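Written out below as structure tokens is the structure these notes cover.
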Amino acid sequence: MQHLISIKDLDCAQVQEIFNYTKKIKKHPSKYCKKLKGKILTNLFYEPSTRTSSSFHSAMNHLGGDVISINDVTYSSISKGENLEDTIITMGNYSDIIVLRSKFVGDAQRASDVSTVPIINAGDGVGEHPTQTLLDLFTIYEKFGRTYNLKVTFIGDITNGRTVKSLSKALENGCELNFRDTYNVNDLPESDVYYFTRVQRERGSEGFYEMTRDMVKRMPEDCIVMHPFPRNEEIPRWFDKDPRARYFDQMQNGLYVRMALLLSYK
Ligand code: NCD
């Protein structure tokens, strides 16, 4: 049983295998519609989510499996004070895999210490978000055919954004990484990838920034602009039709990458 707590839990060969699978699934998704028939996934979310929870749900349904959703923990025994470990042990009796989003760094590790089924970390506070990283990497790979030897600039919330943490861990050995916080977004270095993020106000982050037409003019023609979403003001909607905008591809790839990941547990 392999838990996915950090992106570092996967080696290059495993990531490549997921990409190869993702490409095949993206071409013919219906071919895989019965592969996980009879399997059950628990979506256990202690923090809000649209894309991560829904794409896991959709991925499992596309593969013929079922989903138990605990998306609002106030309606579960967690509101009666149940601890994470007891909740995980319980859900391990009812399902074959648990996707966990939690409030604190280390929660996913704690869950995996007691779990009888694989735990997939869907974001642990300001810790990591490895499946977002897989879909981010796949989106980069689709454009450039590689995830190394690239210049990548992260913009926005560098301190509290878990997607930045996980993706930069995955890229740090083969790519040139730059970081720009909200107060110094005006001198963006020339890059292949611009990865924008929301200011995580719910985690105490402060600041404000917005992509300007001037910034866009200075970005190379063949770069890509990414964002894990949800966005606030940082990427205005007028940019959405620019061919460099890849955030809608990211969310679509989220489905196929998660289908590939779930199939790797079969
Ligand atoms: C991100 C998250 O939850 O970390 N969203 C996501 O999963 N796509 C980013 C964010 O909340 O800003």
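Some notes on this structure:
- On full extension, the segment bounded by Gln109 and Glu233 gains 41.3 nm, given 0.36 nm per residue less the C-alpha separation.
- Computed on the chain, with alpha-carbon pairs under 8 angstrom and 6+ residues apart, the relative contact order is 20 percent.
- Each other residue within a Cβ distance under 15 Å of Leu84 adds +1 if Lys or Arg and -1 if Asp or Glu, for a net charge of -3.
- Asn178-Lys34 FRET efficiency (beta carbon distance; Förster radius 51 Å; 0.05 resolution): 0.70
- Gain on full stretching of the segment that runs from Tyr265 to Asn83 - 0.36 nm per residue minus C-alpha separation: 62.9 nm
- Local charge for Ser166 was computed over the other residues whose Cβ lies under 14 Å away, with Lys and Arg +1 and Asp and Glu -1, and equals -1.
- By the beta-carbon count within 10 Å of each Cβ, the least crowded to most crowded order of Phe239, Phe196, fewest first, is Phe239, Phe196.
- Chain lengthening between Ile158 and Ser76 when straightened (0.36 nm per residue, less Cα-Cα): 26.2 nm
- Database remark: amide H of Asn178 closer than 5 angstrom to the amide H of Val152, Thr153, Phe154 (H placed geometrically; neighbours at sequence offset of 5 or more, or on other chains; Pro and chain starts carry no H).
- In sequence order, the stretch 140-156 has phi-based couplings of 5, 4, 4, 7, 9, x, 7, 10, 10, 6, 10, 9, 10, 10, 9, 10, x Hz under the Karplus curve 6.51 cos²θ - 1.76 cosθ + 1.60, θ = phi - 60°, and Gly or Pro positions carry x.
- Rounded to the nearest 500, the 222 nm mean residue ellipticity of the chain from helices alone is -11000 deg cm²/dmol, with -39,500 (n - 2.57) taken per DSSP H run of at least 4 residues.
- Summed residue charge, Cβ within 10 Å of Gly64's Cβ, Lys/Arg positive, Asp/Glu negative: +3
- Globularity ratio of the chain, using Cα Rg and 2.2 N^0.38 Å: 1.00
Here, each number is a calculation from the coordinates, and none is a lab measurement. Because the structure is predicted, anything quoted here is derived from the model rather than measured. With ideal geometry, Cβ positions are generated from the backbone for all residues, glycine too; neighbour counts draw on all protein chains shown.
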